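Take a look at the structure below.
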Amino acid sequence: SPNKIDHNFYVSLDKVLSYKNVKFFQLRLKNVSQKKLLNIAKKTKKITTKYKVDFIINDYFKLNSKIKADGCHMGQLDGSFKIARKKLKGKILGITCHNSKILANNAIENKADYIAFGSFFESKLKPTAKKANLHILKWAKKNIKKPIVVIGGINNNNYKKLMNTGAKYIALSSFIWDNPKLKPEQAIKKFK
């Protein structure tokens, strides 16, 4: 999702998901009140359900049942993966592992459903993010049986290299929601 949700977001999200090449939608909002997050999540969930897209909440695994999300994505500093796994019985749990085999193996031990690596490229959303390289994808393709998600600065010019190296999914934010040249519904069409 974009960093800030305005009244145009819901119309744009509906158009983006109607293109039918999105499997998951992650609501990633920092520094918002729980009340506001729940309100935004409720409206977002209606749209993701309409298009049969899994709705993932970022960080807030304790709110997962209130939000009625299909799962949660966690970073390395977002709390205990063991507790999250217990709370998220039957739900999706994804964990960011940056560029680390150790973190990836730890995520698998904690029964993550997918492993995310990145940032692979410069990202407007997270300019100071730890960098990842293609070697981690090659290693993951051979050693990890879970789906691999790649994150960080991904656009229509660089995503194929990541997919060809071992990624199953790409995570997009700025290219879709903060693109100075394309509306969200135009940006999503750049990905096959």
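Trypsin sites (Lys or Arg not before Pro) within the stretch 1-63: which are DSSP loop residues with at most 13 other Cβ atoms inside 10 Å? Kindly include the intermediate steps, with their values, before the conclusion.
Numbers: sites: 4, 15, 20, 23, 28, 30, 35, 36, 42, 43, 45, 46, 50, 52, 62; in loops: 4, 20, 23, 28, 30, 52.
For trypsin sites (Lys or Arg not before Pro) across the stretch 1-63 that sit outside H, G, I, E and B with at most 13 neighbouring Cβ atoms in 10 Å, the list reads 4, 20, 23, 30, 52.
For residue 189, list the lysines whose Cα falls under 16 Å from its own Cα; do not include residues on the same chain fewer than 8 positions away.
Excluding near neighbours in sequence, the set is 15, 20, 23, 160, 181.
Could you give the length gained on full extension between residue 20 and residue 109, defined as 0.36 nm per residue of separation minus the Cα-Cα distance, in nm?
28.8 nm
Accessible area per residue for the stretch 96-182 in Å², computed with a 1.4 Å probe and the full protein assembly in place, what is it?
On the way: 4860 Å² over 87 residues.
Result: 56 Å² per residue.
Can you send over the solvent-accessible area of residue 16, 1.4 Å probe, protein chains only, in Å² to the nearest 10?
Roughly 10 Å² of residue 16 is accessible to a 1.4 Å probe.
Regarding the stretch 43-102, what is the average projected area of its C-alpha convex hull, in nm²?
On the way: hull surface 18.7 nm².
The directionally averaged projection comes out at 4.7 nm².
Go ahead and set up a Gaussian network model of the chain, Cα springs under 10 Å, then flag whichever of 111, 138, 181 fluctuates most.
Of 111, 138, 181, the most mobile in the Gaussian network model is 181.
Leaving out ligands and nucleic acids, and using a 1.4 Å probe, what accessible area per residue does the stretch 1-72 come to in Å²? Before the final figure, lay out the partial values.
Working: 4090 Å² over 72 residues.
Roughly 57 Å² per residue, with all protein chains present.
Calculate the FRET efficiency for residue 161 and residue 28 from the Cβ-Cβ distance with a Förster distance of 22 Å, rounded to the nearest 0.05. List each step's numbers first, then the result.
Numbers: r = 24 Å, r/R0 = 1.09.
That gives a FRET efficiency of 0.35.
Heavy atoms only, probe 1.4 Å: what % of the accessible area of the chain goes to carbon and sulfur, would you let me know? Let's see the in-between values first.
Values: 5750 of 10940 Å².
Solvent-exposed carbon and sulfur of the chain make up 53 percent of the total.
Which of the pairs 91/145; 86/138; 52/138; 4/161; 42/145 have their Cα atoms more than 23 Å apart in this structure?
On the way: 91/145 18 Å; 86/138 31 Å; 52/138 31 Å; 4/161 30 Å; 42/145 33 Å.
Those over the limit are 86/138; 52/138; 4/161; 42/145.
Given the whole protein assembly as supplied and a 1.4 Å probe, what does the accessible area of residue 177 come to in Å², nearest 10?
Its accessible surface works out to 50 Å², give or take rounding.
The values are calculated or read from the model by the stated rules, or taken from the named source; none is laboratory data. All of these numbers come straight from a predicted model, not from anything done at the bench. A quick note on method: Cβ atoms are made from the backbone with ideal geometry, for glycine too, and the neighbour counts reach across all protein chains shown. For accessibility, only protein heavy atoms count, side chains too; no ligands or nucleic acids. Shrake-Rupley method; radii C 1.70, N 1.55, O 1.52, S 1.80 Å.
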